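Remarks on the structure that follows.
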Amino acid sequence: MHARLERELETIHAMIALYCGDRHGVGESLCADCQALLDYARVRLDRCQFGAQKPTCVNCPVHCYQPQYREKVRVVMRYAGPRMLGRHPVLSLRHWLAGFRRHDGR
C-alpha cells in the first residue's frame, strides 16, 4: 500500500479507536462492530482506483462505501473529528491539508 493510503488508514483507525473507546469502552481493542468498520475501510482503501492520488473521501468523485458503512463512518467522523486535533494533531493536520489536494494528484 502506498504511503498516502497508509496514512489514510492510520487516520481512520485513530478516529474509529477514539470513537469506540469513548462510546463503547471495551478497553484497548475495538468492539466487533468498530473492528468490522475498520476492516471494511481497509478493503476500500486497498481497492481505491485513485491509488496514491486519492483525495479525501469527502472530496472524492466516487463514493465506494456502501450506504450503511458510509453512515457509520459519518457518525464516527462527526464524533472523532473535533477531538482528533487534541489527541492526534499530526494526523489531523495532514488530513486537513490533504483536503486541499487536487483530484489529479497535483
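Compute the relative contact order of the chain as a whole-number percentage, counting only Cα pairs closer than 8 Å that sit 6 or more residues apart in sequence.
Relative contact order for the chain comes out at 38 percent.
Quick one: net charge around residue 81, please, counting Lys, Arg +1 and Asp, Glu -1 for every other residue with C-beta under 12 Å from its C-beta.
Surrounding charge for residue 81 is +4.
Identify, among 81, 5, 55, the residue whose Cα sits farthest towards the positive end of the charge dipole of the stretch 3-98, taking +1 on the Cβ of Lys and Arg and -1 on the Cβ of Asp and Glu, with the dipole about the Cα centre.
Of the options given, the answer is 55.
Given R₀ = 25 Å, what would the calculated FRET efficiency be for residue 24 paired with residue 98, taking r from the Cβ atoms and rounding to 0.05?
After rounding to 0.05, the efficiency reads 0.35.
Treating the angle as unsigned and between 0 and 90°, give the value, to the nearest 10°, between the Cα long axis of helix 67-87 and the longest Cα principal axis of the chain.
80
As a check on your grasp of the helix formula, calculate [θ] at 222 nm for the chain: sum -39500 (n - 2.57) over DSSP H runs of n ≥ 4, divide by the residue count, round to the nearest 500.
Helix-only estimate at 222 nm: -21000 deg cm²/dmol.
If I build a Gaussian network model for the chain, linking alpha-carbon pairs within less than 10 angstrom, which residue out of 86, 51, 21 has the largest mean-square fluctuation?
86
For the chain, what size does the Cα cloud have along each of its three principal axes, sorted from largest down, in whole Å?
41, 29, 22
For helix 3-23, report the angle its Cα long axis makes with the longest principal axis of the Cα atoms of the chain; keep it between 0 and 90° and round to the nearest 10°.
20
Cα axis of helix 89-98 to longest principal axis of the chain: angle in degrees, 0 to 90, nearest 10?
30
Where does each of 4-16, 73-85 land if you order them by average Cβ count within 10 Å, highest first?
In decreasing order of mean packing, 4-16, 73-85 become 4-16, 73-85.
Values quoted throughout were computed directly from the atomic coordinates according to the rules given, and no laboratory measurement underlies them. Quick caveat: nothing in here was measured; it's all calculated off a predicted structure. Heads up, the Cβs are rebuilt from the backbone with ideal geometry, glycines too, and the neighbour counts pull from every protein chain shown.
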